[in-house]
Each structure stands twice: as C-alpha cells, then as structure tokens.
1. Using the structure shown, decide if Leu169 is surrounded by 15 or more Cβ atoms within 10 Å (Cβ to Cβ) and free of Cβ contacts under 8 Å to residues at least 12 places away in the same chain.
2. Take Pro132 and decide whether it is open to solvent by less than 40 Å² (accessible area, probe 1.4 Å) and not acidic (Asp, Glu).
3. Restricting the first residue to the range 150-165 and requiring it to be surrounded by 14 or more Cβ atoms within 10 Å (Cβ to Cβ), which pairs with a second residue that is modelled with pLDDT under 95 meet a Cβ separation below 7 Å and a spacing of at least six or different chains?
4. Tell me which of these Glu356 doesn't satisfy, since it passes every other one: (1) over 19 Å from Gly289 (Cα atoms); (2) modelled with pLDDT of 70 or more.
5. Among the residues of the range 96-108, which ones are touching a helix residue (DSSP H, G or I) at 6+ places or on another chain (Cβ under 9 Å) and surrounded by fewer than 18 Cβ atoms within 10 Å (Cβ to Cβ)?
6. Look through the range 172-210, keep the residues that are of a type in the set (A, V, I, L, M, F, W, C) and farther than 19 Å from Ala304 by Cβ, and return whichever of them is least open to solvent (accessible area, probe 1.4 Å).
7. Show the residue pairs meeting these rules: Cβ distance below 6 Å; 6+ apart or different chains; first residue within the range 438-465 and on the phi > 0 side of the Ramachandran plot; second residue of a type outside the set (Phe, Trp, Tyr) and assigned to a loop (DSSP other than H, G, I, E, B).
8. Give just the number: which of (1) under 26 Å from Trp293 (Cα atoms); (2) not in a helix (DSSP H, G or I) does Glu498 not satisfy?
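The values are calculated or read from the model by the stated rules, or taken from the named source; none is laboratory data. Since the model is a prediction, treat every value here as computed from it, not as a measurement. Positions of Cβ are backbone-derived with ideal geometry, glycine not excepted, and every protein chain shown enters the neighbour counts. Heads up: the accessible areas ignore ligands, DNA and RNA and are worked out on the full protein's heavy atoms, side chains in. Shrake-Rupley method; radii C 1.70, N 1.55, O 1.52, S 1.80 Å.
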Amino acid sequence: MTGDELTRTVVVVLLAFWSVTGLLVCCTYAFWQFLTTACRSAARALGPLRPGRSDLRVLTIGTEPAHPSYWHRQVWIDTTTAVGRSYRALWSRWWGHWTLTVAARLFRGRRPGTDRRGKNGLTRLTMRLVAPGTAAGATVAALLAAALHTGVVVVFCACVALLWTAWVLTVGVVRGAERGWLLLRRVRTVCPHPDCHRPFPRAAHPCPQCRAVHTSLVPGRYGVFRHTCRCGGRLPSALFAGRSGVPAECPSCARPLPPSAGTTRVVHVPLIGGSSSGKTMLLAAVVAGLRSWAERGNLTVEFASDADQRDSEALDREIDRNDWALKTQGDQRAWMIVVGKGLRRRLLYLYDPMGESLHRADRVREQQYLAHADGVLFVVDVLADRTVRQALSGADDTLAGEARPAAQGPVDTYQGLTGELASLTGGRGDLPAAVVVTKRDVLDRVEALPAAGARVDDWLVAIGLGGLVRGFTHDFKAAGFWAVSASAATGGGALDSERRRAAEPVLWLLARTGLRVGDLVESRGTVPRQRGLGGTIRTGVKGQGVRRG
C-alpha cells in the first residue's frame, strides 16, 4: 500500500468515525437537549413560575386605574420575549456548552464534565479523536433543533396573531355596535348640574370597592366586556354587559349622574319666564300630569334618581302647605324624569332657572343649558304685561295684584331671550317652543279680559299680545299655545283633567323628538297651526299654533 493510499484510508476511517460519533451525539442526546432547552426557555419567559414573584415585563397601571388587557400589548411582549429567549438559549447551549466547553476540552484531552486531564496517552488520544465528531454532531443537532423550533414558532406566532386579530375585531364590533346604537337613539350626554352643563362623550365611573375613578370604561385597551380595577374589582365595560348599572358621574364636576343618562336619549327643556311667572308651579303641574297619564297606562314615568323624587315630593308638600310654590332659589333646579311609551324612552331634563337670570342679556349668556335645549317651555304671565294691566281697574286690578304677577313682562322676557338663544344654539329656528299661559284660574275671574277660548294664540292677540304670538310663530320652528291653571292641577284638590292638560306642552315637545305620545295631545284636540309660503293656515280647535320650517 502506497503512502497516498494509506493517507486516503486514514482520512476515510477518521471521517467515518467522526460521522458515527456525530450521529450518535446528535440523535441520542444533543438534538433532544437543544429542543428541551428551547422549550424550557420559552416557557420560563412567559412569566414567573412562583406566585408572587415580580415580573418587570408586565405592563404597569397608568393614569387609568385599570389593568391593561393581556391581549392589548402584553401578549406581544410575552411572544417576543419567549421567541427571543428560546433562540438565545439555543445559541448559548451550542456555543457556550458544546463548542467552548465540551468540544474544547475534548480537543485538549480533558474530560468534558470535570475538565480533568486523561489518565494516559490512549485516553487523551481517544478524547481528541472524538472531539471533531462531537462538535459536528452538536452543530448539526443545533441546526435541526433550530429548524424545527422555527416551524413551531411560526405556527405559534400565527395563532397569537389570529387571536389578537379576533380580539381587536371584537373590540371594534362591540364598540361600534354600542356607538351605533347610541347614535340611532340620538343619545348625547350633558351634565345636568348647575354651573357645569358640559357635554362629554363618556361618563366617569368610580369603582364600587375602592372609589377609583375610571374615565375609559369602554371596550378597548383595558378589556372588551370587563375592566379589572387596580383593587381587583371587575367592572362591566360594555353597555351590553351592564355598564349602565355602574354608578356614573360627570367627568368635569364629579357630581353623580342618573343611571339612564348614558343609555337614553336626553331631551332638554328649560322653563323660561320672569320671576313669579309661575314656572315652579307649572313644573309641579307638569310632573303631576305625567303621573296622571302613567296611572291611566298611557305612559311610563319614573324619576331618574332618588334625589329627583325627593325634590318632587318636597315641592308637593310645599304646595299642599302654602297653596303655591316658593320661587326658585339659587341658579336653577333641574329635574330628570324618564318618560316612556312602548319601547321608546326619553330622559327629560326640566330646567327651572331663576327668573332674575333671564332679565339681562349677559345673564342669559351664562345659562349654558340653553345651548343643549331641544325645545323651550315659555311661561307667559299676561298679568305682568303693561298693556294688559292698564286695561284693568277696580276689583280686576286688585285680583291681578293678589295673583303676584311676574316682575318682568312676557314681551321683555322674550326679547331678552331670543337673541342670546340664537347665539347659544347656533340658530333658534330649529327649536320648537311650547307657550304656556299660566294662572288661568285667575284670568277666568278677570271680567275686563275676554275668556280664554280654544285658540289661546287668538286670545293673546285679542288682549294685545299679538306681537308676542307673531314672534314665536316666526322665530321658532314650531310654536304651540296652551292656557293652564297650575293651582288646579296640583295640591290635594287637584283635578285629574287639569293635571293631564298641564302635561300636554311637554308631551307635545317630546312627540317632536320621536316619542310616540302625539296621540295623547291630539286626543285633547290640539292640532298644529301651519304657516306656508302662501300665508297662515289655521286648523284645529284648541290652543296650539305651529309654523313648520
């Protein structure tokens, strides 16, 4: 055998030996070690195995006192951490253990586990002969394990992406459905409390357990149907999951809101009139009238909060005791009543401001609730008008004085209102106005004035207030006219028919918002008056005039 042949033989034998050695190292131990290392590192990266152990990767709670949803960002943090650590563990196992430790020691004739030198030359020679095959087998095992692990990672990331996409779509669908439902019902939330009246897209919700205020209790980054408070309490975040049952408050003034404020269309109706014009008595009569319709089964009526019910009961006791209501103290009172017919409901905000707040234009501009008005209930005390009082004398004048006429006439109140109302609402032509003549029980006893018949607008023209009627029918989209005796609709001897009559102006305004209560007004004979391009068209028999824009 020549030298070249011997060399080739030795090379072939060594290659075969190294191949067998590498195959044994790869298949019997190294490959499975690499897989185990990658899986264990990925599992450990997903979180601490011991409860209570801190994890710096977990997102902390920010200004919103709720834990971020796992599917918002934490899932991607865990995924990238697990994938990154598994590949780093593979590299560390191959380079740090198999290459720099096991193979390097074998090349030096040392034991891989203890780094002790072989006892004799044969042992050290065997170690050096095994070293190349061991290194090659470990490298092949690492590559095979990395390839298999990559396939698993791709499938895992695809599943995570699919679940995350499903979560995002669920958030979008639930939030969009909730928003669409509120838009269809034309629900817009405005703070009902004095000195605020600010609109807001969503209410603030204090946690029932720790009172931490959640300002983003909607489907989103903190959860779809539930938010977990920092105290551990779980709050429903979706309207369909029961969010309306969580106490709510105004995000601006932090005062409580009625439970139905965020789910029911709100109808803002301010009572406009001079001081002592009978607004508060009319307010009590309207509530009594709504209750009367509810007792007959035509409506459902309930107070939006316990505070509103207590205020109403206190006003009723005051009227029973004094036969009249004291004038409004402070800026205003706002009563909230939920009125329903069939499946439709309206949250009725009835504002009763001080009459003095409407005497001057600068005070009117401060009445921010007027910017959100859906209609105006204008209270007319004809006994406060100078023209009417000049026509009275003797017993009639005494009777009018005993009725405590308003401090400002209706024409002056109207003129002070309309200009500022246009700037607050962006144009008053879209608003309906229910014009209510109060103190009808006194007017019926004044002999110098004609009796208020079926057409209250004609009666106002007859007593010299035609300009006021023309102003309403010209400046507002619709104008309805009524004459009401609030004293006959309230108190212990209230007449049920008068109670229902007192509620008609509000029912007429509610009917114009889509609540199907127009039949209750029409059954009383109130039909609108329309004014078209060809002039005024008058129809119907009782107390209402309307111009449709």
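1. Values: surrounded by 15 or more Cβ atoms within 10 Å (Cβ to Cβ): no; free of Cβ contacts under 8 Å to residues at least 12 places away in the same chain: yes.
In short, no.
2. yes
3. Val153/Val83; Cys157/Thr79; Val160/Val75; Val160/Thr79; Trp164/Trp71; Trp164/Val75
4. With (1) over 19 Å from Gly289 (Cα atoms); (2) modelled with pLDDT of 70 or more applied to Glu356, the lone miss is (2).
5. His97, Thr99, Ala104, Phe107, Arg108
6. That would be Cys207.
7. Correct list of pairs: Lys439/Gly278; Lys439/Ala403.
8. The failed condition is (2).
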